[in-house]
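**Q** Dumping the structure here so I can ask a few things about it.
The values are calculated or read from the model by the stated rules, or taken from the named source; none is laboratory data. Worth saying up front: this structure is predicted, and the values here are computed from it rather than measured. Cβ sites come from the backbone with ideal geometry, for glycine too, and all protein chains shown count toward neighbours.
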Amino acid sequence: MNKHGAHKPPTERQWRVIELVAQGLSNREIAREMAIGSFVVKNYLTIVFRRVGVKNRGELAQWYTDGKKSLSVDE
């Protein structure tokens, strides 16, 4: 959350991770797809969970599929 209590929207790269999680890909598969290390995917997910207010991959996928992608991309 920022100093005003609002969640900062995911960046463009974080949106891509969210999309791939929602498609059911593992961290290793996401890393391969994005040409990054799996530890980077884990870091992205930690940040994304906090930014969108979820606790795990399942909640993140549900959040995404529920259409809450209305936040703007912050790059």
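**Q** Mind listing just one residue for me: the one in the range 53-75 that is modelled with pLDDT of 90 or more and in a helix (DSSP H, G or I) and, of those, nearest to the chain's Cα centre (by Cα)?
**A** Leu60
**Q** Here are the criteria: (1) over 12 Å from the mean Cα position of the chain (by Cα); (2) at pLDDT 90 or above; (3) surrounded by fewer than 16 Cβ atoms within 10 Å (Cβ to Cβ); (4) not aromatic (Phe, Trp, Tyr). Tell me which single one Ala31 does not satisfy.
**A** (3)
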